[in-house]
Amino acid sequence: VLANARLKVLAALPTELQERASRAERYFHLDARRWFRAEDTVPHLPAIASATWNEQRLSARYREGRRVVRRTLDPLGLVLKAGAWYLVARRSAGMRVYRVSRFVSIRLRDDTFERPEDFDLSAFWEEWSRTFEASRPRVDVTLRASELVLRHLPRDLQGGDGVYIVGFESLEDAFRELLRFGPDAEVLEPVELRDRIAATAREVAGLYAVPEVR
């Protein structure tokens, strides 16, 4: 649907705007599939986007775990992944992907860089994200889910007929993600997750229980 809509919009644009839209695809990519729940705070996004568009080198301070490192980057493209922005950049050690919300500071340098002619942002992202997803720790959760829940869960579900296996990074992530669906998502396995959600549901029910009138 998105591809068809895009083609119709491009066809209706004047030639100059068609060229700009095509150029924009080289620098910006949208991946709507879910990874993380919350949207990021990205105060440095405008500066990074400007440097990406103008092929301008960046000096950056970036948070890696508990430490902050300095990096000189050639920004090749930005990707919006389910509410989180990622920068695909080249540095002396090779190609890297950075989460934009983890940049502590950004400075646009005076020098520019030459973008690789054969670099395809969309193709690079698809390959990188497959490798990234395969490397993440995974906890499989078997659940009974309604159609409402399925619209918000990852697309790589296993199972059918209302019972599915969904992968999460941890039991804590699964607990927080599934609890919000209430009775539309029933955890069948693992037992410890099912018991924790049941206990939380009882606490919530007790909190909102109407006192008996005597």
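Here are a few things to note about the model shown:
- Among 98-110, 78-90, the peptide with the highest mean count of other Cβ atoms within 10 Å heads the list, and the full ranking is 78-90, 98-110.
- Accessible surface of the stretch 81-214, 1.4 Å probe: 50 percent of it comes from carbon and sulfur atoms.
- Largest to smallest accessible area among 48, 197 [probe 1.4 Å]: 197, 48
- The modelled label-to-label distance between residue 54 and residue 99, using points 7 Å beyond Cα along the C-beta direction, is 2.9 nm.
- Per-residue ³J(HN,Hα) for the stretch 122-134, Karplus 6.51 cos²θ - 1.76 cosθ + 1.60, θ = phi - 60°, Hz, x for Gly and Pro: 4, 5, 4, 5, 4, 5, 5, 5, 5, 5, 4, 4, 5
- Shown here for the stretch 143-212: GluC sites (Glu not before Pro) in loop regions (DSSP other than H, G, I, E, B) with at most 10 other Cβ atoms within 10 Å, namely 212.
- If R0 equals 30 Å, the separation of the Cβ atoms of residue 69 and residue 171 corresponds to a calculated FRET efficiency of about 0.45.
- Seen through its C-alpha gyration tensor, with square-root eigenvalues sorted a ≥ b ≥ c, the stretch 96-203 comes out prolate because a/c lies at 1.5 or above while a/b is bigger than b/c.
- In order along the stretch 49-65, phi translates into HN-Hα couplings of 4, 4, 5, 5, 5, 8, 6, 10, 5, 10, 10, 9, 10, 10, 8, 10, x Hz, rounded to whole numbers, per the Karplus curve 6.51 cos²θ - 1.76 cosθ + 1.60 with θ = phi - 60° and x for Gly and Pro.
- Model label points for residue 134 and residue 207, set 7 angstrom from Cα along the Cα-to-Cβ axis, are 4.2 nm apart.
- Take residue 194: with every protein chain present and a 1.4 Å probe, its accessible area is about 100 Å².
- Rounded if a/c under 1.5, otherwise prolate or oblate - the stretch 50-116, Cα gyration tensor axes: oblate
- In the context of the full set of protein chains, the stretch 67-190 has a per residue accessible area of 55 Å² (1.4 Å probe).
- Additional length obtainable on full extension of the chain from residue 61 to residue 109, 0.36 nm per residue less Cα span: 15.9 nm
- Along principal axes, Cα extents of the stretch 76-154, largest first, whole Å: 56, 28, 22
The values are calculated or read from the model by the stated rules, or taken from the named source; none is laboratory data. Just so it is clear, the model here is predicted, and its values are computed rather than measured. Neighbour counts are summed over all protein chains in view; Cβ atoms, including those assigned to glycine, are modelled from backbone coordinates with ideal geometry. Calculation scope for accessible area: heavy atoms of the full protein, side chains included, ligands and nucleic acids excluded. Shrake-Rupley method; radii C 1.70, N 1.55, O 1.52, S 1.80 Å.
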